[in-house]
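Here's the structure we're looking at; comments come further down.
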Amino acid sequence: MKAILYKTYGPPEVLQPAEIDPPVLKDHDLLVQVRATSVNYGDLIARRFGQVSPREFNMPAALWFLARLSFGWSRPRQPVLGSQFAGEVAAVGPSVTRYKVGDAVYGYTGAAMRAYAEYLAVSETSEIARKPANLSFEEAAIVPYGAITAYNLLKNADLQPGRKILIVGASGSIGSAAVQLAKMHGLEVTGVCSTPRRAYVQSLGADHVIDYTREEVRQSGQTYDIVLDVLGRLPLADYEELLNPNGVFLAASFKLPHLLKAFTSRSAKQGHALKIVMAPEKTNDLDAIRALVEAGQFKSVLDKTFPLAEAAAAHRYAESDARAGGIALTV
Ligand SMILES: NC(=O)c1ccc[n+]([C@@H]2O[C@H](COP(=O)([O-])OP(=O)(O)OC[C@H]3O[C@@H](n4cnc5c(N)ncnc54)[C@H](OP(=O)(O)O)[C@@H]3O)[C@@H](O)[C@H]2O)c1
């Protein structure tokens, strides 16, 4: 089958079309004919992991070390990127009960990747669900990662209508989903992003946008009931100043100081809490996300589509200032 491989870490050009053997199905696996996949943060980091320093990695150095070992120290162990997919079930293992050949599905393979290929084997109990009927394969393939992660992060806050939320990293996969989910619950949303993506964040429904390249977040003097920091770039010194009494700070990425703050914030005077939240690897949330998409409450914003064979060009585009929204690869 056709796939895109990378055999060394490096720039987009390391992604090369190749022929590889199709996957072998286990008893509970579905063989998905991939119709579309995507480019997101995980693909970009995994492609150049050899050049990603512990400082650049948005997690403590010990986790960088473990991730580097797991991805491959000097070259990638697993040469096929792609963590999101939408496609059709082409075959099922003998023990599969939930899906049949022909079903349209979408899903997320996480760090296991493997979706930059014509076929993908995934367990029927993994993060997979029937595709939203009102989305194309390309639109469906850019939804799962950001939506699942934002959905699980926001479960850790009280989403009452009228409460104020600050989303730092509102133009990325997780943040753009968080903006939509927070608006759906009636929150007043302030999104933080850079200049080229201000209009995009506004188009998602954000009430206010702060451009982090032009002003520091705390300069606005505003305070919030919930702060969600996607990349962990907000200075930790600002955290108590930004929160209302009993406010909660959700850290999707963290370094050692966040861990210490999470520990000490439990005894903070005004009841502020810093929570480090990891979305569970295995969830059934894609069914819930499909319901929101089909009800028109959650939209897939597709910026640009490339053929799979042009994965390198798609990665180059994803790393440019021009991007605003999801980037899909048509297989
Ligand atoms: N907790 C979990 O369960 C979980 C799960 C998966 C991933 N993660 C973590 O989530 C992060 C990736 O998130 P993503 O996929 O949404 O990334 P993404 O699509 O690359 O988006 C990154 C966002 O951060 C913004 N940003 C960049 N530099 C910034 C700065 N200095 N100050 C403020 N905002 C800044 C970007 O804005 P512009 O593009 O406009 O510059 C963009 O909105 C990684 O650190 C990953 O480890 C956490």
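The values are calculated or read from the model by the stated rules, or taken from the named source; none is laboratory data. Predicted model, so just to flag it, every value in this text is computed and none were measured. A quick note on method: Cβ atoms are made from the backbone with ideal geometry, for glycine too, and the neighbour counts reach across all protein chains shown.
Pairing residues of region 187-200 that are at pLDDT 95 or above with residues that are within 8 Å of the ligand (Cβ to nearest atom) and among the hydroxyl-bearing types (Ser, Thr, Tyr), at Cβ distances under 6 Å and at least 6 apart in sequence or on separate chains, gives Val192/Tyr212; Cys193/Ser171; Ser194/Thr213; Thr195/Thr213; Arg197/Ser171; Tyr200/Ser171.
Applying the set (1) among the β-branched types (Val, Ile, Thr); (2) surrounded by fewer than 20 Cβ atoms within 10 Å (Cβ to Cβ); (3) away from the ligand (no atom under 14 Å from the Cβ) to Ile128 leaves exactly one unmet item: (2). Examine region 46-55 for a residue that is of a type outside the set (A, V, I, L, M, F, W, C), surrounded by fewer than 17 Cβ atoms within 10 Å (Cβ to Cβ) and within 19 Å of Glu118 (Cβ to Cβ), and state whether such a residue exists. There is no residue in region 46-55 that is of a type outside the set (A, V, I, L, M, F, W, C), surrounded by fewer than 17 Cβ atoms within 10 Å (Cβ to Cβ) and within 19 Å of Glu118 (Cβ to Cβ). Taking region 1-93 as the region of interest, the strands (runs of 3 or more DSSP E) fully inside it that hold 3 or more residues being within 16 Å of Ala121 (Cβ to Cβ) are 29-39, 84-92. Here Val122 meets each of (1) within 12 Å of the ligand (Cβ to nearest atom); (2) assigned to a strand (DSSP E or B) with one exception, condition (1).
Tally the residues that are at positive phi and surrounded by fewer than 17 Cβ atoms within 10 Å (Cβ to Cβ), restricting the search to region 63-90. Of the residues in region 63-90, 1 are at positive phi and surrounded by fewer than 17 Cβ atoms within 10 Å (Cβ to Cβ). Residues that are within 10 Å of the ligand (Cβ to nearest atom) and aliphatic (A, V, I, L, M) within region 134-171 comprise Ile148, Ala150, Leu153, Ile167, Val168, Ala170, listed in sequence order. Collect the residues in region 217-257 that are within 11 Å of the ligand (Cβ to nearest atom) and either part of a loop (DSSP other than H, G, I, E, B) or surrounded by fewer than 16 Cβ atoms within 10 Å (Cβ to Cβ) (or both), keeping them in residue-number order. Within region 217-257, Val230, Leu231, Gly232, Arg233, Leu234, Pro235, Ala252, Ser253, Phe254, Lys255 meet the criteria.
Go over the candidates Ile148, Ile167, Ile174, Ile128 one by one and state the one that is within 30 Å of Leu25 (Cβ to Cβ) and touching a Gly at 6+ places or on another chain (Cβ under 6 Å). Matching residue, one of Ile148, Ile167, Ile174, Ile128: Ile128.
The residue that is nearest to Pro60 (Cα to Cα), counting only those in region 241-260 that are touching a Gly at 6+ places or on another chain (Cβ under 9 Å) and not polar (S, T, N, Q), is Lys255. Looking only at residues of region 303-331 that are of a type in the set (S, T, N, Q) and in contact (Cβ under 8 Å) with a residue 12 or more places away in the chain, we find that the one that is surrounded by the fewest Cβ atoms within 10 Å (Cβ to Cβ) is Thr330.
Conditions (1) of a type in the set (Lys, Arg); (2) assigned to a helix (DSSP H, G or I); (3) modelled with pLDDT of 95 or more; (4) in the same structural domain as Thr213 (by TED's automatic domain parsing), marked per residue:
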| residue | (1), (2), (3), (4) |
| --- | --- |
| Glu139 | no, yes, yes, no |
| Asn152 | no, yes, no, yes |
| Asp158 | no, no, no, yes |
| Gly162 | no, no, yes, yes |
| Ile167 | no, no, yes, yes |
| Ser171 | no, no, yes, yes |
| Ile174 | no, yes, yes, yes |
| Val179 | no, yes, yes, yes |
| Ala182 | no, yes, yes, yes |
